[in-house]
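Engineer: My questions all concern the structure below.
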Amino acid sequence: MQALFGQLLIGLINGAFYALLSLGLAVIFGLLNIINFAHGALYMLGAFCAWLLLERLGVGYFWALLVAPLIVGALGVVIERTMLSRLYKLDHLYGLLLTFGLALIIQGVFNNVYGSSGQPYRMPDVFTGGYNLGFMFLPKYRAWVIVASALVCGGTWFVIERTRLGSYLRAATENPAVVQAFGINVPRMITLTYGFGVALAAFAGVMAAPIYQVAPQMGANLIIVVFAVVVIGGMGSIGGAIITGFVLGVVEGLTKVFYPEASNTVIFVVMVLVLIVRPAGLFGRER
Amino acid sequence: MATPTPVAMTAAAGARRFALGFVVLAGVLALVPFAGIYPVFVMKALCFALFACAFNLLLGYGGLLSFGHAMFLGTAGYVCAHAAKAWGWPPEAAIAVGTLSAMLLGAAVGVIAIRRQGIYFAMITLAIAQMFYFFYLQTPFTHGEDGIQAVPRGRLFGLVDLTSTTAMYYTVLVIFLAGFAAIYRIVHSPFGAALNAIRENEPRAISLGYDADRYKLMAFVLSATFAGLAGATKAIVFELASLTDVHWTMSGEVVLMVLVGGMGTIFGPVVGAFVIVGIESYLSAGLTLGSVVIGPEWVTVITGVIFVACVLAFRRGIVGEWLAWRQRRRPGTPPDT
């Protein structure tokens, strides 16, 4: 029983990262029609930003949670302005290839500079200890990760689905030309959307730093799992991306309890099954 | 084209030019063992060239970007190596069963993957390939991180001893040339023409009565089969089948080879494979530029830089740019080789 709840908790934590990353991918895809292959590398960059801020400048965890996404988001803006914006008239696959190249560059450079082994990130003092829930022990930091990422995901959903700014965004997803004609600066909106999407990845990276080692390859395998999550959820809906992320994290956690050999592959198997039954994804629509 | 040329004439001229290029390529490659070039390097490049040609059949002519083609290369390699080592099969049978396994896998994966298009297709193939990566990591017959080592090369048809590098080289050359010619034949068959039509405008092809999904699945299976032939041959040449060949970096590498050489051109993938394999083997020894030494640890970064540069400024690739340059100089020549 103890093991079951423990794995459920780990599943929820992994699910929180899947949700944050697939949410960023979905937001970017909605407006840019690009799948951001560099998402895993930028997640890693967020974690490294936090680590460097702490080790070199003594800037703590909570400031890193704010500063690292801003730095990575700014980098995203530069990437969009200098490179991605040249590709919008071409086949969408070129965006995938470009961001794949960027991922290789970022991961390769960090691998050569910091080595492939991970760097530990010291847990902030506030989060030492935990709560005894009777049936299981809940470390404070794990609780924080789940709550904080749920809040950020929920906040993003609220802004996109329920505010005026979000309505511009959704309108531009449907028909950028008409929205532009109404006097909204669509190219700037696209740039900021990409910046926001990768900032979410960096935020996830900072959250991951105290749990996992800060390593150059930490995002490489993760991003492939997140791709499968995105295929399962379908990219039509923001809420769908969030829910699918959390649920698949839990599914993965349960698999670790009942059939550990398949825990690496279960999400891919679910993807294949969903494709057979409902090719557009659980929350998707054909486009 | 400035002046309209009858289609039959264009096709005949194209076939003549291909035949000329093919003979020159075969002649040059046949002379390699006498030219003092390290034959193992050329064998490696030829295996990758066949892999890239198979990939180009799907991407360049079918318009489908698979990001998981390493699963076919790697699966065929594992099956071939296992057949040769554990079952003691002769090399021709081991390569055949390896290729067959890639073909069957291609059929199974293809049925699922062609349900979505474009970006989704790339993500699905990548995810399925990653699933097989974890499977091969855990299953006992692949020996995990070690891979299947010391695969015997054996005697081809019981006659030719492949432990001789020269015999191995000419075997690889024959396999490559046969696969290359077969892919040319497929691209320029009625099937290839229909595939081209589907890539250019799928709704129109469907309205003309073509079953687009069947053609795409067929292209996927053919591409997987030739990728498998390359992987099985590679396992015999290097006496090794390892996880490297099923990893996603390998899937990315074959995309890069086709992109560098020129997607949708017949000779492009061959050129791209030689360029990329060449760069890697130069870097593995360390390249000295003045006081800076660029070692093998920079391969990933350089691969990434080439990717970005190709996508931003060099989308036609080497052969594609050359064809476009010729087109500008002599507007009458047929556009495709």
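Engineer: Please give the helix B:39-59 orientation as an angle from the longest Cα principal axis of chain B, in degrees from 0 to 90, rounded to the nearest 10.
Structural biologist: Result, in degrees: 40.
Engineer: Ok, one more. Stretch B:Thr139-B:Arg329 to full length: gain in nm at 0.36 nm per residue minus the Cα-Cα span?
Structural biologist: 62.8 nm
Engineer: Still on this structure, I have one more. Compute a Gaussian network model of chain B, connecting alpha carbons closer than 10 Å, and tell me which residue from B:Gly264, B:Gly68, B:Gly110 fluctuates the most.
Structural biologist: B:Gly110
Engineer: Residues with beta-carbon under 14 Å from that of A:Pro210, excluding A:Pro210: net charge, scoring Lys, Arg +1 and Asp, Glu -1?
Structural biologist: Cβ neighbours under 14 Å give a net charge of +1.
Engineer: If you rank A:Glu55, B:Glu200, B:Glu321 by how much accessible surface each has, with a 1.4 Å probe, what is the order from largest down?
Structural biologist: Descending accessible area places them as B:Glu200, A:Glu55, B:Glu321.
Engineer: Find the all-direction average of the projected area of the Cα convex hull for chain A, expressing the result in square nanometres with one decimal place.
Structural biologist: Mean orientational projected area (chain A, Cα hull): 15.9 nm².
Engineer: Calculate, for region A:2-217, the solvent-accessible area per residue in square angstrom, rolling a 1.4 angstrom probe over the heavy atoms of the protein chains.
Structural biologist: Heavy-atom accessible area per residue stands at 42 Å².
Engineer: Still on this structure, I have one more. Using a 7 Å offset from the Cα along the Cα-to-Cβ direction at both B:Thr166 and A:Glu261, what is the distance between the two label points in nm, to one decimal?
Structural biologist: Each label point lies 7 Å from its Cα, and together they span 4.9 nm.
Engineer: Taking Cα centroids, how far is region A:101-166 from region B:261-289 in Å?
Structural biologist: 40 Å
Engineer: Got a number for carbon plus sulfur as a percent of the protein assembly as shown's accessible area, 1.4 Å probe?
Structural biologist: 67 percent
Engineer: Can you list residues from other chains, or at least 5 along the same chain, whose modelled amide H is less than 5 Å from the amide H of A:Gly234?
Structural biologist: A:Leu282, A:Phe283
Engineer: Using θ = phi - 60° and the Karplus relation 6.51 cos²θ - 1.76 cosθ + 1.60, list the HN-Hα couplings for region A:231-244 in order, rounded to whole Hz, with x at every Gly or Pro.
Structural biologist: Listing the rounded values in order: 5, 5, x, x, 9, x, 10, 5, x, x, 4, 5, 4, 4 Hz.
Engineer: For the Cα atoms of chain B, what angle does the longest principal axis make with the long axis of helix B:212-238, in degrees from 0 to 90, nearest 10?
Structural biologist: Around 40 degrees separate the two axes.
Engineer: Which of the residues in region A:239-287 lose at least 20 Å² of accessible area when you go from the chain alone to all protein chains together (probe 1.4 Å)?
Structural biologist: Output list: A:Glu261, A:Asn264, A:Thr265, A:Phe268, A:Met271, A:Val272, A:Leu275, A:Ile276, A:Pro279, A:Glu286.
Engineer: In addition: Could you give me the ³J(HN,Hα) list for region B:161-171, computed from phi with Karplus coefficients 6.51, -1.76, 1.60 and θ = phi - 60°, whole Hz, x at Gly and Pro?
Structural biologist: After applying 6.51 cos²θ - 1.76 cosθ + 1.60, I find 7, 7, 5, 6, 4, 5, 4, 4, 4, 5, 4 Hz.
Engineer: Any idea of the accessible area per residue across region B:36-160, 1.4 Å probe, to the nearest Å²?
Structural biologist: On a per-residue basis, region B:36-160 sits at 33 Å².
Engineer: With just the Cα atoms of the protein assembly as shown, tell me how far they stretch along each of the three principal axes, in Å, largest first.
Structural biologist: That gives 73, 61, 57 Å along the principal axes, largest extent first.
Engineer: Taking the Cα centroid of region A:19-40 and of region A:206-225, what is the distance between the two, rounded to the nearest whole Å?
Structural biologist: That distance is 17 Å.
Engineer: Taking chain B as the reference, fit the longest principal axis to its C-alpha atoms, fit the long axis of helix B:190-200 to the helix C-alpha atoms, and give the angle between the two in degrees, 0 to 90, nearest 10.
Structural biologist: Approximately 80 degrees, to the nearest ten.
Engineer: Quick one: net charge around B:Leu229, please, counting Lys, Arg +1 and Asp, Glu -1 for every other residue with C-beta under 14 Å from its C-beta.
Structural biologist: After counting each charged neighbour, the total is -1.
Engineer: Express in Å², to the nearest 10, the accessible area of A:Lys140 obtained by rolling a 1.4 Å probe over the protein heavy atoms while all chains stay in place.
Structural biologist: So the heavy atoms of A:Lys140 present about 60 Å² to solvent.
Engineer: Between A:Lys89 and A:Glu161, take the C-beta separation as r, use R0 = 25 Å, and let me know the FRET efficiency to the nearest 0.05.
Structural biologist: 0.25
Engineer: Compute the accessible area of each residue in region B:127-144 twice, once for its chain alone and once with every protein chain present, using a 1.4 Å probe on heavy atoms, and list those whose area falls by at least 30 Å².
Structural biologist: Residues of region B:127-144 that lose at least 30 Å² of accessible area once the other chains are added: B:Ala127, B:Gln130, B:Met131, B:Phe134, B:Gln138.
Engineer: Quick one: buried accessible area between B and A, total over both chains, 1.4 angstrom probe, nearest 100 Å²?
Structural biologist: Rounded to the nearest hundred, the buried surface is 3800 Å².
Engineer: Give the lysines reachable from A:Lys89 as a straight Cα distance under 23 Å; neighbours fewer than 8 places away on the same chain don't count.
Structural biologist: none
Engineer: Which of the lysines could a cross-linker bridge to B:Lys44, judged by Cα under 27 Å and excluding same-chain residues fewer than eight apart?
Structural biologist: B:Lys85, B:Lys234
Engineer: If you filter region B:113-213 for trypsin sites (Lys or Arg not before Pro), then keep DSSP loop positions with at most 16 other Cβ within 10 Å, what is left?
Structural biologist: In loop regions of region B:113-213 (DSSP not H, G, I, E or B), the sparsely surrounded trypsin sites (Lys or Arg not before Pro) are B:Arg115.
Engineer: HN-Hα J couplings of region A:164-173 from phi, Karplus 6.51/-1.76/1.60, θ = phi - 60°, integer Hz, Gly and Pro as x?
Structural biologist: Running phi through 6.51 cos²θ - 1.76 cosθ + 1.60 with θ = phi - 60° gives 5, 4, x, 5, 4, 4, 5, 5, 5, 5 Hz.
The values are calculated or read from the model by the stated rules, or taken from the named source; none is laboratory data. Just so you know, these numbers come straight off a predicted model, no measurement behind them. All Cβ positions, glycine included, derive from the backbone under ideal geometry; neighbour counts span all protein chains shown. Remember, those area values only see protein heavy atoms, side chains included, never the ligands or the DNA or RNA. Shrake-Rupley method; radii C 1.70, N 1.55, O 1.52, S 1.80 Å.
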